[in-house]
Amino acid sequence: EAGVAQSPRYKIIEKRQSVAFWCNPISGHATLYWYQQILGQGPKLLIQFQNNGVVDDSQLPKDRFSAERLKGVDSTLKIQPAKLEDSAVYLCASSLPGQYEQYFGPGTRLTVT
Amino acid sequence: AQKVTQAQTEISVVEKEDVTLDCVYETRDTTYYLFWYKQPPSGELVFLIRRNSFDEQNEISGRYSWNFQKSTSSFNFTITASQVVDSAVYFCALTDMYSGGGADGLTFGKGTHLIIQP
């Protein structure tokens, strides 16, 4: 079974530029999560989708971050405009309905200069 | 609000020693789930174990064992006879249910960096 796929793996941009990350969850996993992991810290939830609806986006900085999951499968996370403090690894995870284990992708390492 | 504390930032032991990683959590929910994840240098988070709040049985899986104590809000992880391949950052995490029947996003601790020296 294929795991959670993310792209790109690495991205370097200048502050005030825009960037987008893509995630393809495990087939059949209705719930999708985006986390931000700053160096030396644990991941922090940004947004959670159930199919194509948002369950929790309370920690998403909505002035610059946006996310969508239009067809209930793939998802994109966008930052516009980026700030230096957005440098982090962005992790995507997915889970089956009714189950609690989340399976993580390899992450996208973003460096904002 | 939920909180997970991993007080040990870094632990270094010599191979074959036993090591325990501590995890203390806070939640007001009566039903919740605790997890341990491993993050090797490659960066991908690997699921190790899930424990329900109503099941306080300890669990052993090979060299790994977990001690869940509700009375002290702790969920500690022990590696017996450690090996160099166990070197990684280990995260303890917490979640509860949501109305859709699945899990909310995880609340992670800051992680413990475990170094196993040969």
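The values are calculated or read from the model by the stated rules, or taken from the named source; none is laboratory data. Note that the coordinates shown come from a computational prediction; the quantities given were computed from them, not determined experimentally. Please note: Cβ atoms are built from the backbone with ideal geometry, for glycine as well, and neighbour counts cover all protein chains shown. For the accessible areas, the whole protein counts, side chains as well, though only heavy atoms, and no ligand, DNA or RNA atoms are used. Shrake-Rupley method; radii C 1.70, N 1.55, O 1.52, S 1.80 Å.
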Study note, to complete from the structure: Expressed in angstrom and rounded, the centroid-to-centroid distance over alpha carbons for segment B:1-28 and segment A:43-68 is 28 Å
Review point. A:Lys15 to A:Ser66: FRET efficiency via 1/(1 + (r/R0)^6), r the Cβ-Cβ distance, R0 25 Å, to the nearest 0.05?
Key: 0.90
Revision key, fill the gap. Env charge @ A:Ser66, Cβ radius under 14 Å, K,R +1 / D,E -1, value 0
Review point. How big is the Rg/Rh ratio for segment A:1-74, C-alpha atoms only, Rh by Kirkwood, two decimals?
Key: 0.96
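Find the Cα radius of gyration of the protein assembly as shown, compare it with 2.2 N^0.38 Å by division, and give the number to two decimals.
Details: Rg = 17.8 Å, N = 231, 2.2 N^0.38 = 17.4 Å.
The reported ratio for this selection is 1.02.
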Revision key, fill the gap. For segment A:87-99, Karplus-derived ³J(HN,Hα) couplings (6.51, -1.76, 1.60; θ = phi - 60°; whole Hz; x for glycine and proline) come out as 4, 4, 9, 9, 10, 10, 9, 9, 8, 7, x, x, 10
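Compute the Kirkwood hydrodynamic radius of segment B:1-86, taking the inverse of the mean of 1/r over all pairs of distinct Cα atoms, and give it in Å to one decimal.
14.0 Å
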Check your understanding: Sequence-distant or interchain residues sharing an amide H contact under 5 Å with A:Val55, placed H: which?
Key -> A:Gln48, A:Phe49, A:Gln50
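Using a 1.4 Å probe, what is the accessible area per residue for chain A, in Å²?
Numbers: 5460 Å² over 113 residues.
Accessible area per residue: 48 Å².
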Practice item. Determine the total buried accessible area between chain A and chain B, counting protein heavy atoms only with a 1.4 Å probe; round to the nearest 100 Å². Key: 1700 Å²
Exercise for review: Find, among the chymotrypsin sites (Phe, Trp or Tyr not before Pro) in segment B:1-87, those assigned to loop by DSSP (not H, G, I, E, B) with at most 16 other beta-carbon atoms within 10 angstrom.
Suggested key: B:Phe54
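Round to the nearest 0.05 the FRET efficiency obtained for B:Asn52 and B:Thr80 when R0 = 25 Å and r is the Cβ-Cβ distance. Please list the in-between numbers first.
Working: r = 24 Å, r/R0 = 0.96.
So the FRET efficiency works out to roughly 0.55.
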Check your understanding: Ignoring ligands, DNA and RNA, what percent of the 1.4 Å accessible area of chain A is carbon and sulfur?
Key -> 50 percent
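If N is the number of residues in segment A:20-113, what value comes out of its Cα radius of gyration divided by 2.2 N^0.38 Å?
On the way: Rg = 12.6 Å, N = 94, 2.2 N^0.38 = 12.4 Å.
In units of the globular-protein estimate, segment A:20-113 measures up at 1.02.
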Point to revise | Projected label distance in nm at A:Ser27 and B:Thr5, using a 7 Å step from Cα toward the beta-carbon | key: 4.6 nm
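If you roll a 1.4 Å probe over the heavy atoms of the protein chains, what accessible area per residue do you get for chain B, in Å²? Each step should come with its number before you reach the end.
Details: 5710 Å² over 118 residues.
Dividing the accessible area of chain B by its residue count gives 48 Å².
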